[in-house]
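*Asks:* To start, I am sharing the structure in question, which I have written as structure tokens.
Only the coordinates and a few stated rules stand behind these numbers; no lab work does. All values reported here derive from a predicted model rather than from experimental measurement. Virtual Cβ from ideal backbone geometry, glycine too; neighbours counted across all protein chains shown.
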Amino acid sequence: MTETCRRILEEYQVRKSTKQKLRFIEFLQSRYPELRLEEGGWPRCRNLILGDPDSAQVILTAHYDTCARLPFPNFITPKNLLITLAYSLVITLPFFVIPFFLEFLAVRYLPGDLWWSPLVALALGLFLVYYVFIGGPANPHTVNDNTSGVLTLCLLLDTLSPEQRAKAAFVFFDHEESGLFGSSRFARLHAKGLKNKLIVNFDCVSDGDHLFLVQSRRARKHWGERLAAAYQPREGKEIRLERSAFCFYPSDQMNFPCAVGVAALRKAPVIGYYMGRIHTARDTVMDERNLEILAEGTARLLETVQAK
């Protein structure tokens, strides 16, 4: 792990509020003076860019904003969408049941016409979901989600040769946790040059022995063979090249036509591949081997790209 990566892991894990983000941005600018902000939109996004995304042949990305602390993990099973949806329903349902139960009591026991009370109950439920999942206190531990993706980009910036770096642009997205807003804005601003340009997005890559590369149809068509050759497993580590049509992994790569989402998964009987711990104080697992595998694979991938 480089000095930059170590400092981020020890001092800059919380990047939720504007003040926390600006503190992190100042640190990155001290390490990479060429870093610039692409700022604007709603909510106000501060995407961080190194290199020229309009001329680069590969764009390497990760979101740097971090999430609210939840009492339960954000549980994702990319190969079993039914379990992911069922789990999401179970954890959000109480936030609507409670307001509607209060609405039932109000209608039953309070005098007067309360035709508006279901609307109030629905609004309260939506507010509770927003506050708990997005607007609540910052999670103090964000090693996997997504400090690991940030560290992967920094490791690449610190270890790639000047020739390799010249072939890529590096983008740290803002506001992924609140709805992929940073990457959506970036995609709109740079749409003209993104048709077949490869986006490789690193999100939650440090906790799990199964490294998924979830490819869009266009990425698989134009880059699939090179991706398969570049990213190689190590002992105890599996590389899986998956099609996005059959593997649901929600992250910033979904905003781009030619993209790969990279994530680390665990595996268990019945449920198969899964991601847990994230969005909780238990998000503390940093397997540096994953980052090394991804950095080495990305370096090999860039070697296959001809310099302009």
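*Asks:* With viscosity set to 1.306 mPa s and temperature to 10 °C, compute the Stokes-Einstein D of the stretch 83-135, Rh being the Kirkwood radius across alpha carbon pairs; µm²/s, no decimals.
*Replies:* The calculation lands on 132 µm²/s.
*Asks:* Taking the chain as the reference, fit the longest principal axis to its C-alpha atoms, fit the long axis of helix 18-31 to the helix C-alpha atoms, and give the angle between the two in degrees, 0 to 90, nearest 10.
*Replies:* For 18-31 against the chain, the angle is about 10 degrees.
*Asks:* Please work out which option in [x] 0.96; [y] 1.07; [z] 1.21 gives Cα Rg over 2.2 N^0.38 Å calculated from these coordinates, and answer with its label.
*Replies:* [y]
*Asks:* Tell me, what HN-Hα J-couplings in whole Hz come from the Karplus equation 6.51 cos²θ - 1.76 cosθ + 1.60 at θ = phi - 60° for each residue of the stretch 137-150, using x for Gly and Pro?
*Replies:* Along the stretch 137-150, the couplings run x, 5, 5, x, 10, 9, 4, 7, 10, 10, 4, 4, x, 4 Hz.
*Asks:* Using only Cα atoms, tell me the angle between helix 288-303 and the longest principal axis of the chain; keep it within 0 to 90° and round to the nearest 10.
*Replies:* Approximately 50 degrees, to the nearest 10.
*Asks:* Express in nm, to one decimal, how much length is gained between LEU81 and ARG36 on full extension, taking 0.36 nm for each residue of separation and deducting their alpha carbon distance. Let's see the in-between values first.
*Replies:* On the way: separation 45, 0.36 × 45 = 16.20 nm, distance 3.77 nm.
Using 0.36 nm per residue and subtracting the Cα-Cα distance, I get 12.4 nm.
*Asks:* Using a Cα-Cα cut-off of under 19 Å, which lysines could be cross-linked to LYS237, ignoring same-chain neighbours fewer than 8 residues away?
*Replies:* Result set, ordered by chain and number: LYS79, LYS267.
*Asks:* Can you tell which of GLY112, GLY179, GLY272 shows the greatest fluctuation in a Gaussian network model of the chain with Cα springs below 10 Å?
*Replies:* Sorting by GNM fluctuation, first place goes to GLY112.
*Asks:* R0 = 30 Å: FRET efficiency of PHE27 with LYS192, Cβ-based, nearest 0.05?
*Replies:* In this case the efficiency is close to 0.40.
*Asks:* Using DSSP to define loop residues, name the trypsin sites (Lys or Arg not before Pro) in the stretch 136-195 whose beta-carbon has at most 14 other beta-carbon atoms within 10 Å.
*Replies:* Passing sites in the stretch 136-195 are LYS195.
*Asks:* So if I take the centroid of the Cα atoms in the stretch 97-140 and the same for the stretch 160-210, what is the distance between those two points in Å?
*Replies:* 38
*Asks:* Work out which GluC sites (Glu not before Pro) in the chain are exposed loop sites (DSSP not H, G, I, E or B, at most 10 other Cβ within 10 Å) and give the longest gap free of them.
*Replies:* 35-234
*Asks:* May I ask for log10 I(q)/I(0) of the stretch 218-308 at q = 0.11, 0.16, 0.19 Å⁻¹, from a Debye sum over the Cα atoms as equal point scatterers with solvent left out?
*Replies:* Log10 I(q)/I(0), no solvent term: -0.38, -0.81, -1.12.
*Asks:* Please list, in chain and number order, the residues 5+ apart from ASP65 or on another chain whose amide H is under 5 Å from its amide H, with Hs placed from the backbone.
*Replies:* Those qualifying (amide H under 5 Å, at least 5 residues apart or on another chain) are HIS175, GLU176.
*Asks:* Another one. Using Cβ contacts closer than 10 Å as the measure, can you line up THR280, THR298 from fewest to most?
*Replies:* Listing THR280, THR298 from fewest to most nearby Cβ atoms yields THR280, THR298.
*Asks:* Roughly what angle does helix 81-109 make with the longest principal axis of the chain, taking Cα atoms, 0 to 90 degrees, to the nearest 10?
*Replies:* The answer is roughly 20 degrees.
*Asks:* Per-residue HN-Hα couplings for the stretch 264-269, Karplus 6.51 cos²θ - 1.76 cosθ + 1.60 at θ = phi - 60°, whole Hz, x for Gly and Pro?
*Replies:* Working through the residues one at a time gives 9, 10, 9, 9, 9, x Hz.
*Asks:* Can you pull out the chymotrypsin sites (Phe, Trp or Tyr not before Pro) in the stretch 94-152 that DSSP calls coil and that have at most 10 other Cβ atoms within 10 Å?
*Replies:* Here the sparse-neighbourhood loop sites are TRP115, TRP116.
*Asks:* Step through the residues of the stretch 275-283 one at a time and calculate ³J(HN,Hα) from phi using the Karplus curve (6.51 cos²θ - 1.76 cosθ + 1.60, θ = phi - 60°), rounding each to whole Hz and writing x for Gly and Pro.
*Replies:* Whole-Hz 3J(HN,Hα) from phi for the stretch 275-283: 10, x, 6, 5, 6, 10, 5, 8, 7.
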